[in-house]
1. For the protein assembly as shown, what does -39500 (n - 2.57) per DSSP helix run (n ≥ 4), summed and divided by total residues, give at 222 nm, in deg cm²/dmol to the nearest 500?
2. Straight-line reach from A:K70: which lysines fall under 28 Å, measuring Cα to Cα and dropping same-chain residues less than 8 apart?
3. Applying the Karplus parametrisation 6.51 cos²θ - 1.76 cosθ + 1.60 with θ = phi - 60° to the phi angles of the stretch B:268-273, what ³J(HN,Hα) value in whole Hz is obtained for each residue in order, glycine and proline being reported as x?
4. Under 5 Å between amide H atoms, partner at least 5 residues away or on a different chain: which partners does B:G294 have, H built in plane at 1.01 Å?
5. So which residue, out of A:S41, A:S120, A:S189, gets the largest mean-square fluctuation from a GNM of chain A using Cα contacts under 10 Å as springs?
6. Over the residues of chain B, compute the C-alpha Rg and express it relative to 2.2 N^0.38 Å.
7. Running a GNM on chain B with Cα contacts under 10 Å, which residue among B:L297, B:L25, B:L135 ends up with the highest mean-square fluctuation?
8. If one computes the Cα centroid of the stretch B:102-129 and of the stretch B:36-58, what distance in Å separates the two points?
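Derivation of every value follows stated rules applied to the coordinates shown; laboratory data play no part. These figures come from a predicted structure and were not determined experimentally. As a convention, Cβ positions derive from the backbone with ideal geometry for all residues, glycine included, and neighbour counts pool all protein chains shown.
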Amino acid sequence: MVGGMVGDEELAAELLSHPPFAIFYGALAFMLCPWLVILMSSPRIAEEVSSKSVRYVLFRTGRGTWCMGKLAGQAVMLAVALAAGAGAAWCIGHFRMAYFEGFATAQSMLVFACRVWVFSFAYLGIALGVSQVTRVPVLAITFGLITMLALTFVAAVSEHYAAEGWRHVLDVVHALTPQANRTALWRSSPAHTIPAAVTLIAVGFTFFLAGHARFARANQ
Amino acid sequence: MNLALEFSNVVVRYGRTRALDGLTLRVPSGSVIGLVGSNGAGKTTALCAAAGLLKVNSGRVDLLGRGPFKPAVHAGRLSLLPQDAQMAGHSRVRDILMYYGRLQGESKAALTHDVERLLDRVHLADRAGARIRALSHGMRRRLSIAQAFLGDPDIVLLDEPLNGLDPYEVAETRTFFSDKRAEQTIVISSHLLDQVEAVCDEVAFIERGRTTRQDRLESVTRRKHSLVYRIGAGSPPVDAIRDALKETGVEVHAYNDQVIITNESKEMDAAEINARVLPCLLEAGVGVHEIIQGLKLEDEYLKSRARVHGVNS
């Protein structure tokens, strides 16, 4: 069952060192957080442009500073949401389950919550990137969802068709998609987690900065 | 002359539309200047371009002698009251002012005092803890005015600041602006010409993205060079008035329900002119409703507008 959830038998064996409740929390968080991030964060900048409330702030500070502040604020909100979700799940487990290893589960959930935060940061970058290219909040959500689905498609296609020769480039493309780095975040070895974390944060910043290139030049 | 804001041949396009079409405007430091013009003339665009919200396609905007708006240079030295922008409804009145102040680099200690002073000045001290969505339209407008004066910026750009205010608040706000004269440069875009006349010491007419006239308010209304008699029914005795004023060097014009006496070359002695003109008007049986020193800004603006758009437009 664990193998099915993470898609890798070797990894599944490694995960068995964690309490099952924490693995279940991690799997759910990895699956749902990107969707929540896209739905909640994509309209953040667009709605301020749409209501023109941005006109009260852009003469007080630089556009880059303001947008970075939004990114930082959303990243903190995401961390708080993950912590609150983990806390709530732990409480449910603690009070409702007959056999519950409280400390070990909390430790593993904290580790998974941090990794989900890193994974979701890539989607936060996408969300705030698309939020800077349109002044219509609903369009921002739509662009965010399209980008997310397109990346999932690219990840699947590049993984499937990667081969020797020129098609080796598809391996590189695959490695740059958020989905390709999710498996590495399940592992405990820093040799897997650190490159994946760096890639995901770089992907997040790339999308954020691409959107900002448009926002920095646009009339507000 | 020390300039706080200067537009030199500024062009701003929205697609094919030239919102500013070579706008040239000079705003002296410490002045209160009114921008007056038709809807879509480019007033709001000009203010937004000055505040760096809009990109200028050509020409140059110079703020405080330090080039176009740059956050690193001008943050905290310029502020804007946007025309129809909304503040975040969930924020509280005091908190949003503190946030704006911190954003422009003010210290928390200085801000606390500044925020209380401004809330008191715009009569919102008792609503400091209220959420913005709970405020009326007029209260939100007063909050917008307060944010524009946070940290006493050198130049304040106000787009229709008196819209939605009740008559008492209009009078109070007008006094507030007048008190700021010489301390700060204030640019007011407004359609309320009597308010512009009451507050501003300089005025610029803007039409089709260009300044059609910019001058001291005194010069535009020719306060010391003209007398206007608003009269009742009947044709004014223009020839008799001209005879009575023959040696004074003034010019006499009749325009709608007005007789306008002007002397471009020197200031007039209003008492002397009245002594000669009033008997002529009364003798002709034309009722005198009002005598005004200087022309109304509205009349001057409408004449100027007619020259740009054509008389019938």
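1. That calculation yields -17000 deg cm²/dmol at 222 nm.
2. Straight-line reach from A:K70, under 28 Å: A:K52, B:K55, B:K70, B:K108.
3. 9, 8, 4, 5, 5, 5
4. Residues meeting the criterion, in which the H sits 1.01 Å from N, are B:S226, B:L227, B:V228.
5. Highest fluctuation of the listed residues: A:S189.
6. Rounded to two decimals, the normalised Rg is 1.16.
7. Between B:L297, B:L25, B:L135, it is B:L135 that shows the largest mean-square fluctuation.
8. Their Cα centres are 29 Å away from one another.
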